[in-house]
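For reference, the structure is listed below as structure tokens.
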Amino acid sequence: MPQLPAHVRDRAMSLARRDGAWVAPGARDAATVVLLRDVDAPTGPAVTTLLMRRVATMSFAAGMYVFPGGGLDPEDLSPDLPWDSDDAPTGHSIDRDRPDDPARMSAEPAVARGLVACAAREVFEETGILLAADGDGRPPVPDDMWERDRRAVSESPGAFPEVLSRRGLRLTARLLPLWTHWVTPEFESRRFDVRFFVAAVPAGQQVVQVSGEADDAQWLTPADALDRYSRGRLPMLPPTVATLGEILPFDDSGAVLAAAPAREVRPLMPHPRLGPRDALEWDLLDLRTWEVVLALQGDPAGSEAEGNGAP
């Protein structure tokens, strides 16, 4: 298991002492998607998820296996994005029956909707999976222009509305229910406020290319991924590990998707505090209330910003 680098641990100690030596940077809104695909296993049906290893030169989570995703861009808030009529913008009202309920996402309404768009865009860029539907609710099927469109969106997020409109597609939050919400700890030099969505790979689509941000991609059952992590063969961030553990009990993607809307979602963040004899201890906080959700055992597993193998 990766260790917290000494200089990063010094920042955590500063935060715990409240001495002002380390000032935490703000956290950028982001979205990540737990892509799900069912397979036949010797013991019966099983759900798998896509994990991608970020290249060693990345400035965040280098060498770590993550779900596809990325930061919210201004283009994700574009009024030109086509939305399903059931997910059409509703001003600043809050509707807890909506899949993109702002209160559940701990976000303003426009940002909540933008995070869904960000999730769909990032998945298309990084995997070639397009989570959208036509007017009859049917998913798109890859064609000769698919890879060209993927590259266009990868090069310019502003191309996403045009690609969707030309294909007669609309975004719908119902394809991307929210699962969990994690915030990068304050001792990191780069921080993200990440909403985790779950989504099933549409019929007729498959991951066709690993993006330039990743050098490996694997479909794994949660049990297999967690076993490899425990043996040091699959470095992952703590939120990835926690999410895999939450999906572990489910036999198929339909069950995961059905469970998502009823889940309690809170913005979670590890936070340091001083224990007896000034020992550094850790709590998992709900950032809405700063309530301690869980007292953690030991330091976080490595540095998110510095990735696997950080000194």
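Tabulated data
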| quantity | calculated |
| --- | --- |
| Meets criteria (touching an Asp or Glu at 6+ places or on another chain (Cβ under 9 Å) and polar (S, T, N, Q)) for residue 253 | yes |
| So residue 155, is it surrounded by fewer than 24 Cβ atoms within 10 Å (Cβ to Cβ) and modelled with pLDDT under 95 | yes |
| Of all residues making up the range 132-152, the number that are buried (at least 20 other Cβ atoms within 10 Å of the Cβ) and in contact with a Pro (Cβ under 7 Å, 6 or more places away or on another chain) | 1 |
| Qualifying residue in the range 188-202 (condition: part of a loop (DSSP other than H, G, I, E, B), more than 19 Å from the chain's Cα centre (by Cα) and either modelled with pLDDT of 95 or more or at positive phi (or both)) | no |
| Residue 163 within 14 Å of the chain's Cα centre (by Cα), within 20 Å of residue 33 (Cβ to Cβ) and buried (at least 17 other Cβ atoms within 10 Å of the Cβ) | no |
| Residue in the range 31-46 that is nearest to residue 188 (Cα to Cα), counting only those that are of a type in the set (Val, Ile, Thr) and surrounded by 22 or more Cβ atoms within 10 Å (Cβ to Cβ) | 32 |
| Residues of the range 99-128 satisfying the condition of being touching a Leu at 6+ places or on another chain (Cβ under 9 Å), in a loop (DSSP other than H, G, I, E, B) and either small (Gly, Ala, Ser) or under 16 Å from residue 201 (Cβ atoms) (or both) | 106, 107 |
| Tally, over the range 40-99, of residues that are more than 22 Å from residue 249 (Cα to Cα), at pLDDT 70 or above and among the charged types (D, E, K, R) | 7 |
| Filter result (under 30 Å from residue 44 (Cβ atoms), crowded, with 17+ Cβ neighbours inside 10 Å and in contact with a Phe, Trp or Tyr (Cβ under 8 Å, 6 or more places away or on another chain)) within the range 248-288 | 256, 260, 265 |
| Filter result for residue 216 (charged (D, E, K, R), modelled with pLDDT under 90 and closer than 30 Å to residue 152 by Cα) | yes |
| Qualifying residue in the range 193-209 (condition: acidic (Asp, Glu) and crowded, with 18+ Cβ neighbours inside 10 Å) | yes |
| Tally of residues being closer than 18 Å to residue 77 by Cα and assigned to a helix (DSSP H, G or I) across the range 153-173 | 13 |
| Long-range neighbours under 7 Å by Cβ, at least six apart or interchain, first residue crowded, with 18+ Cβ neighbours inside 10 Å within the range 3-30, second assigned to a loop (DSSP other than H, G, I, E, B) and among the hydroxyl-bearing types (Ser, Thr, Tyr) | 4/303; 8/303; 27/184 |
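The values are calculated or read from the model by the stated rules, or taken from the named source; none is laboratory data. All values reported here derive from a predicted model rather than from experimental measurement. Cβ coordinates were reconstructed from backbone atoms using ideal geometry, including for glycine residues, and neighbour counts include every protein chain displayed.
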